[in-house]
1. Quick check on segment 17-57: of everything there that is closer than 19 Å to Gly131 by Cα and part of a strand (DSSP E or B), which residue is modelled with the lowest pLDDT?
2. So for segment 105-114 (the condition being within 21 Å of the chain's Cα centre (by Cα) and closer than 28 Å to Leu233 by Cβ), does at least one residue qualify?
3. If the requirement is being buried (at least 22 other Cβ atoms within 10 Å of the Cβ), touching a residue at least 40 places away in the same chain (Cβ under 8 Å) and touching a helix residue (DSSP H, G or I) at 6+ places or on another chain (Cβ under 8 Å), which of these qualifies: Leu151, Leu139?
4. Taking His225 and the conditions (1) out of contact with any Phe, Trp or Tyr (no Cβ under 8 Å at 6 or more places or on another chain); (2) surrounded by 13 or more Cβ atoms within 10 Å (Cβ to Cβ); (3) touching a residue at least 40 places away in the same chain (Cβ under 8 Å); (4) of a type outside the set (Asp, Glu), which numbered condition does it fall short on, given that it satisfies the others?
5. Could we say that Leu189 is at pLDDT 90 or above, surrounded by fewer than 18 Cβ atoms within 10 Å (Cβ to Cβ), of a type in the set (A, V, I, L, M) and part of a helix (DSSP H, G or I) here?
6. Identify the single condition in (1) at pLDDT below 90; (2) surrounded by 15 or more Cβ atoms within 10 Å (Cβ to Cβ) that Cys84 does not satisfy, given that it satisfies every other one.
7. Could you name every one of the helices (runs of 4 or more DSSP H) located completely within segment 90-179 that has at least 2 residues being at pLDDT 90 or above and within 17 Å of Pro56 (Cβ to Cβ)?
8. Name the one entry in Val209, Val200 that is in contact (Cβ under 8 Å) with a residue 40 or more places away in the chain, under 21 Å from the mean Cα position of the chain (by Cα) and buried (at least 18 other Cβ atoms within 10 Å of the Cβ).
Amino acid sequence: MERNQKSTPPRLMAGYRYLSVVTGVFVTCLIISNIITVKIVAVGDIIMSAAITIFPISYIFGDILTEVYGYARSRQVIWTGFACNLLAVIAIQIGAWLPAAPFWEGQAAYEQILGYAPRLLLASFVAYLVGEFTNSFVLAKLKIFTQGKWLWSRTISSTLVGQGFDTALFTLIAFTGTLTPDVMINISLTEWFLKCLYEVIATPVTYLVVARLKRAEHEDYYDYHTDFNPLRLEWERTPQ
């Protein structure tokens, strides 16, 4: 890769063949997870949200974005995911407010399944932003520290930290005052462990996708001169 040891700015989306696909999968996983999270499932004695089936995939694709395209590009995709999720929430809420047809009997079910409690919505948004940006930051820094070696160490370490913040913040904001501290800790540790285990199991697939994307895109970005401010949305520029 001619870009391995350089810090040239990421190209525009038109210059990449598969960035739009990776972005689409990332956003889709995020929105689906926020819809199905309302269902609580029990596997033996383990209680968790149905979102566990797909939400960790967003972190895997977050790793792929940062590893191949760099933090600046990942930052834009994270904010894109946030905006799309907000749009979905607004559309679902408007759908709930619209008057139901006299013959339609699903209004109560619609509101119960798709409705969002303000507190849970706040918890979801805060946890998502902090978790994803932490995940991307840790991976980008570790890529420089390891000089691009040991991809598994970056993906797993960044997920441990990012998912840790995500799970802890969501539980803290959503359930403080309604659940006991012991129950909150148990829920957080269980979901954090399962999400990280998901990442470990998916490591061979992550390796395969990253390798193929780097070859196809002719990109392997290193964030040597990146501004890691999560609020900055401009394209990164090469220092003069």
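1. Per the stated criteria, the residue is Met48.
2. The answer is no, given that none of the residues of segment 105-114 is within 21 Å of the chain's Cα centre (by Cα) and closer than 28 Å to Leu233 by Cβ.
3. Result: Leu139 is the single residue among Leu151, Leu139 that is buried (at least 22 other Cβ atoms within 10 Å of the Cβ), touching a residue at least 40 places away in the same chain (Cβ under 8 Å) and touching a helix residue (DSSP H, G or I) at 6+ places or on another chain (Cβ under 8 Å).
4. Failed condition: (2).
5. yes
6. For Cys84, the exception is condition (1).
7. The qualifying helices (runs of 4 or more DSSP H) are 118-145, 151-175.
8. Val209
The values are calculated or read from the model by the stated rules, or taken from the named source; none is laboratory data. In this text the structure is predicted, and so the values were computed from the model without any measurement. Every residue, glycine as well, gets a Cβ built from its backbone with ideal geometry; the counts of neighbours run over all protein chains shown.
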